[in-house]
Amino acid sequence: MAFMRGAFVIIFLFFVVGAFAKTKPAVAAPVHVDREGEKWAEKTLRKLSLEEKIGQLFMMRVRVEFLNDQNPSYVELRNAVEDYHLGSLIMTVPLEGLFLYRNQPLEAANLLNRLQQDSPLPLIIAADFEDGLAMRLHGTTEFPQAMAFGASGKVEYAEAMGRVVAEEARAIGVQWNFAPVADVNSNPENPIINVRSFGEDPVQVGDMAAAYIRGARAAGLLTTAKHFPGHGDTATDSHLGLAEVTGDLAHLESVELPPFRKAIDAGVDAVMVANVTIPALDPSPNHVASTSPSIITELLKKKLGFKGIVVPDGLDMAGLTRIYGPPAGQAAVDAFKAGCDLLILPADLDASYKAMLAAAQSGEISQARIDTSVLKILKAKTSVGLNKKRLVDLADVPTTVGKPENLALGQQISDDAVTLVRDNGKLLPLKRTGTPSGVLPYQKPAEVKNHLLAVIFTDDTRLEAGRTFENQLRERVPDVNVIYVDPRIANAISSEVIAAVDRADAVVAGVFLTPLGGKTVITANGLANSVGLPEPTAKLLQGILDRAAAKTVVAALGSPYVAKDFPAVQNYLCTFSGVSVSEISAVKALFGEIAIHGHSPVSIPGIAQRGAGIERPRIIAQGGSHASAQTAGH
């Protein structure tokens, strides 16, 4: 009898697995509003009460984690959707300081499905997937950051990324991406845009943004050009304070606005307006761009002719809250009156909802103005098919997300972005010293020799940054000496690091430095808003270069501007991104395993002009030797 039951289970699993294997993933249609969708949107609008219309104008955050139906966090979220008649949510994951707790695609899809089921009207689910879903979810396709695309010089890469991100996002139930970044990073001191931008050339930035939009929309994903009218020429993080764009009208017309014009021409669905002041466009000290009628209604809508959805950057950011403070609801009212259609992440949802409702009831905001914005949002829902189907098929997730060919594409783009800015001709490529032999779990590694030292500079040694870099180095040099450094411990271990530098034949300084909203660094004058190295780690890196610049290669895994503070650097490699694929690319380039043909999309003060890049062929290793006579392209 037991045998019969076992045989039945095996047969049952055979058919289940077979059926699953034959399941074809759903293919999202291009973004499009047909006549049926228009009728649905218009009919739905007529049925909504004023309270429900106001709710459709708000977007709140949902953090992906497992939540039981009766978990207080889930109940609170579900109640907010119902009580405030929310029209949309933005998907992210839990965050504590610098620590982002990524989750799994199936967990995300399951949670979003449940929220869709609990919502009276279909929800638009948005996300910030600037670098792809891997920013938030494990097992998805990882792409390097935007500036790496600029370094590759290949517009088709941006379009391909848009397509892949769209396919994966739609598979998990996300219909709207807050990307691409259309900012021109013309200020090397910019602490928040930096590698999130395609570069400093307005033409290249516009071309890349437009290509991304085309690729994403063709695969059914709504897109957003941000941060209008340009956040690239600022030196303040608007998450922390009030940033100011000081350029005159001529500068804005020639540098900041062209990429947004191209994005609009490409059919971008939404434009996100920055929480920055721009005196040349609106001199009012109490107006940031996201609350300025001159910038939104007059410039974006009338002059540039944008007809899509206008959203402000997060209403909970310090760039706004420092102006408004309590009562928190007025920021939402002013943003809407200025021309925004959707109000995302208000600092106080209840106060903001009540303020908007009161403004509508008093006539401060007209019924026609509300209807116009709500209709835009409802049409956006129909453009991605939410009027017909709001749930995703969980069986599509493992057949759509993380395809091997897409993973390979992300790595190829990263490889093609690597740029050699300086090379003294004495160090690169590094030498392999063998391959690691198999060892038993918990067995002690081989004794460290003095051939290669890697000093990995990160914001916090507990982060993931540098782990892939280290593993890749160990595959090529099993006895590499790896030391992690962050601002908390730099002073304490500096003598140890310098002693290791003296003993080493070659030194790799891997510097992980990327923009992060709300990040501050330690300086001689206290905490500061910066994308530069904190003083303790900067002092240590300078000490390494003072001691051994000729045998040290600095690999900038993130901001390429690192070297502007270290003019003594003799060997300088940039990946323009600090994600895992970029770590792999950096090590492959250091050992001559890929051709190096990237060109910097930005100028690095005192180091190199935009377009700089020393090209090197791929070197085919022979038996672990330094290099062979054979070379080949990538």
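For the chain, with all protein chains in place and a probe radius of 1.4 Å, 55% of the accessible heavy-atom surface sits on carbon or sulfur.
Compactness ratio for the stretch 80-208: Cα radius of gyration over 2.2 N^0.38 Å (N = residue count) comes to 1.17.
Approximating the spin labels as points 7 Å out from Cα along Cα→Cβ, the Asp118-to-Glu65 distance works out to 1.5 nm. The dipole here belongs to the chain: it is taken about the Cα centre, uses +1 on the Cβ of Lys and Arg and -1 on the Cβ of Asp and Glu, and is about 1340 debye. Surface analysis of the stretch 248-331 yields an accessible area of 38 Å² per residue, using protein heavy atoms and a 1.4 Å probe. Take every Cα pair under 8 Å whose residues are at least 6 apart in sequence, average their separation, divide by the length of the chain, and the relative contact order is 15 percent.
Residue by residue, the stretch 244-249 carries 3J(HN,Hα) couplings of 10, 9, 9, x, 7, 4 Hz when phi is fed to the Karplus relation 6.51 cos²θ - 1.76 cosθ + 1.60 (θ = phi - 60°); x denotes Gly or Pro. On a per residue basis, the convex hull of the C-alpha atoms belonging to the stretch 48-147 measures out at 115 Å³.
Here r is the Cβ-Cβ distance between Ile489 and His451 and R0 is 25 Å; the resulting FRET efficiency, rounded to 0.05, is 0.50. Accessible surface comparison of Arg610, Arg369, probe 1.4 Å, protein chains only, largest first: the order is Arg610, Arg369. Listed values for the stretch 107-117 are Karplus-derived 3J(HN,Hα) couplings in whole Hz (6.51 cos²θ - 1.76 cosθ + 1.60, θ = phi - 60°), namely 5, 5, 4, 5, 5, 5, 4, 5, 5, 4, 5, and x replaces Gly and Pro.
Mind pulling the angle between the C-alpha long axis of helix 202-218 and the longest principal axis of the chain? Nearest 10 degrees, somewhere in 0 to 90. Helix 202-218 sits roughly 60 degrees off the main axis of the chain. Among the GluC sites (Glu not before Pro) in the stretch 39-81, none sits in a DSSP loop with a Cβ that has at most 11 other Cβ atoms within 10 Å.
If R0 is taken as 35 Å, the Cβ-Cβ distance between Asp128 and Asp479 corresponds to a FRET efficiency of 0.30. Distance between the modelled labels on Lys354 and Leu249, one decimal in nanometres: 4.3 nm (7 Å Cα→Cβ projection). Bridge orientation summary for the chain: considering DSSP beta bridges with both residues in this region, about 20 percent are antiparallel.
In this structure the amide hydrogen of Phe143, modeled in the peptide plane, comes within under 5 Å of the amide hydrogens of Ala134, none closer than 5 places in sequence on its chain. Per Stokes-Einstein, at 10 °C and 1.306 mPa s, what whole-number D in µm² s⁻¹ belongs to the stretch 236-384, with the Kirkwood radius over Cα pairs as the hydrodynamic radius? The diffusion coefficient I find is 101 µm²/s.
Sorted largest first by accessible area at a 1.4 angstrom probe radius, with every protein chain in place, the residues His251, His227 fall in the order His251, His227. Each listed q (0.07, 0.12 Å⁻¹) maps to a log10 I(q)/I(0) for the chain from the Debye sum over equal C-alpha point scatterers, namely -0.47, -1.24. For Gly402, the shell of other residues with beta-carbons less than 12 Å away shows a net charge of -3, using +1 for Lys and Arg and -1 for Asp and Glu.
Of interest is the spacing of the C-alpha centroids, which for the stretch 80-159 and the stretch 248-267 amounts to 27 Å. The calculated FRET efficiency for the pair Glu496 and Val203, based on their C-beta separation and a Förster distance of 35 Å, comes to about 0.15.
Considering only Cα atoms, the convex hull volume of the stretch 283-366 works out to 90 Å³ per residue.
Candidates Tyr101, Ser366, Leu281 compared by Cα position along the dipole of the chain: farthest toward the positive end lies Tyr101, with charges placed on Cβ. Extension gain, Ala280-Asp505: 0.36 nm per intervening residue step, less the Cα-Cα distance, totals 75.6 nm. Per residue, the stretch 138-194 exposes 19 Å² of solvent-accessible protein surface, assessed with a 1.4 angstrom probe and all protein chains in place.
Taken along the Cα-to-beta-carbon direction at a fixed 7 Å, the label points for Lys403 and Val75 span 4.3 nm.
The values are calculated or read from the model by the stated rules, or taken from the named source; none is laboratory data. Please read these numbers as outputs of a predicted model, since none were measured by experiment. Glycine gets a Cβ as well: all are built from the backbone with ideal geometry, and neighbour counts include every protein chain shown. Just the protein is used for accessible areas: all its heavy atoms, side chains included, with ligands, DNA and RNA removed. Shrake-Rupley method; radii C 1.70, N 1.55, O 1.52, S 1.80 Å.
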